Structure formats: structure tokens, C-alpha cells
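S.K.: After the C-alpha cells below, expect a handful of questions from me.
Since every read-out is calculated from the coordinates, none of them should be taken as a lab result. Note that the structure is a prediction, hence the values are computed from the model and not measured. Backbone-built Cβ (ideal geometry, glycine too); neighbour counts: all protein chains shown.
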Amino acid sequence: MTGRRPARHGRNISVQRAPGGSATIVVLWSIAIASIIVAATQLVTWRTTVLGQSAVGRVQARWAARAGIERVIATLGRHTETPDADDPMSLVRDLEFDWTGSLESGSWDIRHVAEGEEFRGPLDLHSRMNINSITKLQLGELPDISIDTVDSILDWRDEDEEVQGIGAERSFYEGRDLGYVPRNAPFKSITELELVAGAWPEYVRGEDWNLNNRLDGNEDDGENATPEDDADGRLDTGWAGYLTARSIDSPTGRSGFPKIRLTADTDTEELMEVTGVDETQAGALMAFAETANGVMGPLLSIDLGELVGQPAQNTGRSSGRSTGRTSRNSRGSDEDAVSSLDTEQLRAVFAECTMTDFTGPDRIPGKVNLNTAGPEVLALIFDNDPAIAESIMALRQSRAEGITSIVDLLEVRRIDPQLLSTVADQIDVTGWVYSISSRGISRTGQEVEIHAVVDRSTLPVKIIEYRED
Ligand SMILES: [Ca+2]
Ligand SMILES: [Ca+2]
Ligand SMILES: [Ca+2]
Ligand SMILES: [Ca+2]
């Protein structure tokens, strides 16, 4: 507004002094100068307005993105507080529903790509294997990985300075003046993997150069901009698409209450009440925990009595039925015979008990969620067998509630108790840590993306990683 004042003033002068010749010159000069001033001030004003709108648009987009994050956090918190134990898929469905929404200033868009397919809603990081618990054999199945890189990854996270196979420890990194040495402790993030010998960013990130689990323009334009990609409209991820360092094991049971830790000192009454085992079975579970080395898997393949030094009973696990106290045992007494755990008891034990000590400062690596993992990750877990992976996918898709217990997997023909017991400690039916890529779009079309990783294993839900683009 103020920018126009000189112009009007100039014209006023021209009206007042119209008759005089010299006045005409003055007037012409005035008009000329005024025009220049008008043009200049208009340009400045226009620029300021555009910049102002741009800043406002960014703020609006940012808040829309942030609102999307908050919406997801609210859903995650609700499911931690009041979980639906019989329907683990309800969380997946609710999160999918949160994928978009709007405020007065704009809207958000939350999606992710997993194994090349795009999904609405945030990414369950438990759909990936934890880099701190994946085995050597499983690592070896990652695309394009070499044995020396596998060994170097193990050397990075193991405590010692002994080189595993053809791996790399301190002396390798010092010899190359890299300015860092192996952590000799669990990986803190997936980008840390790029420090390991042989784990080049191209392998770790694939086409997802900014690791946001979304296909961005520069990731689908061939050789135009970094990274090199095949411009096929599909996000081809690297090892980061199979791995995470963020997933954690939770001390919370399926019921929403803290898990019962199986030790010699477990409260027998509570154990019986929560899992439905009888007193002898409870005693056997506690005795087994003493020797189990923190691994619960054998409960799936070996009879409970046998695990604590009593002979196997007549019916095996496959019958799924308890034989009661009638079978013979080595001590010749029916009184202390341990009944096999029936299917319901096994489900309860795996849902509500743990052999992990959660009281320490360490984050325990998370398990893979059978309800969100894709076929490639499932194959990695199960002997690299794509047929097993397809069967698990079919099983979970056949039920609205998904897979409610790892014990359900015994319904898959190719999975026998022996195989299940070896991977039991790597799998579960829910997720605790989620990666949210929320793209906020203002009414004026500006975009801001917020990337957050959140942990719902305890309340309130915590943001453990946050960045804005
Ligand atoms: Ca080491
Ligand atoms: Ca080592
Ligand atoms: Ca990306
Ligand atoms: Ca591609």
C-alpha cells in the first residue's frame, strides 16, 4: 500500500501546475521517477508476498505432516493400552486407516514400500529381521552379499577382537585409516551398517537413497540423479529392506500385562492362572527355564516332561492333546508325572511368558511379526524356503485376525515342530516399533516430509528417531 503513495503524489503535482512549461518538465520527471518507484516497490512487494506464502505454506505442510504422525502415535498407544489379543491384525487395519487425513491448512499422506509393494500407513519395523540377532546363515541369503561381508557384520557386533572366518576386526579398519573401528556391540542404526567392510551404501540402500521407505523422484529417474536406479516405478530396496536395528523385544505380553519371567523363582500361582498350566507343569516350566539359556523354542518340539528329565509320554506334540497324569514315568509314580502342554497352554506360554531379562539397560533385539513380514523376509527366516513363506502368507490372509500365535504355524504342512522350535525365538505376531514417513501437503500445494520412528512397547509411545526434509 505504502509503495503506491509516491505515484499518487506525483500525479497531484501535475494537476496543480499544468499551465506552466517548466512545470510540465517537472511533472514529466515526476511521473517518470514515480513510475520507476512504483515498478520497484511492486516487484519488492510481489517477492515478499511470494516468499511469505512459501513460508506459510511450508509451516502448514509441516503441521499437516506432524498431525499424521500424531494420529499414528495415538493409534499405537491405544493398542498398547488395550490390545486385542485375539485379533493382532486389528492394529494393522487401524494403522492403514490413518494413512491420510486433513486439517484446515492441509492434509497428510503416510505410505511405505515393503518388498517392492506400496502399502498405506506406517511401516512395522518388525516386518524386518533385526540386524543384531540375524544368524550367519540368514545373513548369507541377502541379495549380493559375500561371505567376507557376512563375517565382517558379525565381527562388527561381536564383543571380541577375533576375526570370524574372513571377516574384519580393528586391525583391518586401522590399516585402511578409516578413522573408526568396529563397535563390538549391537548396531545402533541401519546406516551404521555402511561402515562395515564390504557393506557399500549401494548394497545397503538399494534405490531407497534417503531410507524413507518411499519411492522419490530421484530414485526412479534412471541415471539422471543419484542413486542409479532402473526407473521401473518400483522401489528396489537393498539390505535395509530386510533389516532393522530398531525393532525391540517387549516385556509386555499379548494381554497388555507384563510378561511372566520364567525362572526358578516364578510365582507358581500366577503362572498357573495366566497360562492355564497345572502345578506340576508350572514346576517343570520353571525347572526348564533354569537350563534353557533363555531360549523357549524347545518347548515346541520336545515334550515338557522330557525337557526336565522325565521320559517322553505316549502321545507326541502332534496330537495337540494332553495325556494327563496316567502315563508311566521313570520314577514309577503317577503323582509327579508332567503332562504335555496342550496347544492352548503352549499358545498362552508363548504369549505371556519370557525367558529374557528385561531389567538390564540393553535393548533386546526385536522379533519378526508374522502378520506384517513379506514373503522374502519370511523365507529368510525359514531355511530360505519360498514355499513355506507362501504358506504362511496364505495362512494369515485366510483369517481376518491374522496369525494369533506362533503355534499356529504348526498348521503349515512344511513346518514341523523341530523347524518351528529353531526359529521360535525370532518370530512373534505383533510389532512394537514403527517407521512413519508422513508427507504433509498445504492447501497451496507445498510439501514437507517428516520421518519418525516410534516405539510403543511402553507408554507413552516414544519417538526414537525424527527428521524433517
Ligand atoms: Ca568384534
Ligand atoms: Ca569377532
Ligand atoms: Ca526414498
Ligand atoms: Ca526400481
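S.K.: Roughly speaking, what is the stretch gain from ILE166 to ASP148, that is 0.36 nm per residue apart minus the C-alpha to C-alpha distance, in nm to one decimal?
M.R.: 6.0 nm
S.K.: Starting from the 7 Å offset along Cα-to-Cβ, what nm value, one decimal, do you get for the label separation of ARG413 and GLU118?
M.R.: Output for this residue pair reads 3.7 nm.
S.K.: To the nearest 20 debye, what charge dipole does the chain have about its Cα centre, counting +1 at the Cβ of each Lys and Arg and -1 at the Cβ of each Asp and Glu?
M.R.: Dipole about the Cα centre, nearest 20: 3560 debye.
S.K.: Let me ask another. Return TYR242, TYR434, TYR466 ranked ascending by Cβ neighbour count within 10 Å, so the fewest neighbours appear first.
M.R.: Ascending number of Cβ neighbours within 10 Å: TYR466, TYR242, TYR434.
S.K.: Turning to a different aspect of this structure: Roughly speaking, what is the stretch gain from THR49 to ARG399, that is 0.36 nm per residue apart minus the C-alpha to C-alpha distance, in nm to one decimal?
M.R.: Between THR49 and ARG399, full extension yields 120.5 nm more.
S.K.: Roughly what would the spin-label model give for VAL56 and ASP469, points 7 Å off Cα along C-beta, in nm?
M.R.: It is 2.7 nm.
S.K.: Let me ask another. Where the centre of each part is set by its Cα atoms, how far does the stretch 251-287 sit from the stretch 179-242, in angstrom?
M.R.: After rounding, the separation between the Cα centres reads 43 Å.
S.K.: Cβ under 12 Å from LEU380's Cβ, LEU380 left aside: what net charge do those residues give with Lys, Arg +1 and Asp, Glu -1?
M.R.: Details: positive: ARG128; negative: GLU115, GLU141, GLU376, ASP383, ASP385.
Net local charge, LEU380 excluded: -4.
S.K.: Using a cut-off of 17 Å between alpha-carbon atoms, which lysines can reach LYS367, once sequence neighbours fewer than 8 places away in the same chain are excluded?
M.R.: Partners within reach: LYS136, LYS188, LYS259.
S.K.: Could you derive backbone 3J(HN,Hα) for the stretch 403-416 from the dihedral phi with the Karplus parameters 6.51, -1.76 and 1.60 (θ = phi - 60°), listing whole Hz in sequence and x where the residue is Gly or Pro?
M.R.: Running phi through 6.51 cos²θ - 1.76 cosθ + 1.60 with θ = phi - 60° gives 8, 9, 7, 5, 5, 3, 5, 5, 6, 7, 4, 7, 9, 9 Hz.
S.K.: Now for a different question. Sort the following peptides by mean Cβ neighbour count (other Cβ atoms within 10 Å, averaged over residues), highest first: 277-288, 396-407.
M.R.: Peptide ranking by packing, descending: 277-288, 396-407.
S.K.: Once the Cα atoms of the chain are picked out, what are the Rg and Dmax in Å?
M.R.: Looking at the chain, its Cα Rg and Dmax stand at 31.5, 134 Å.
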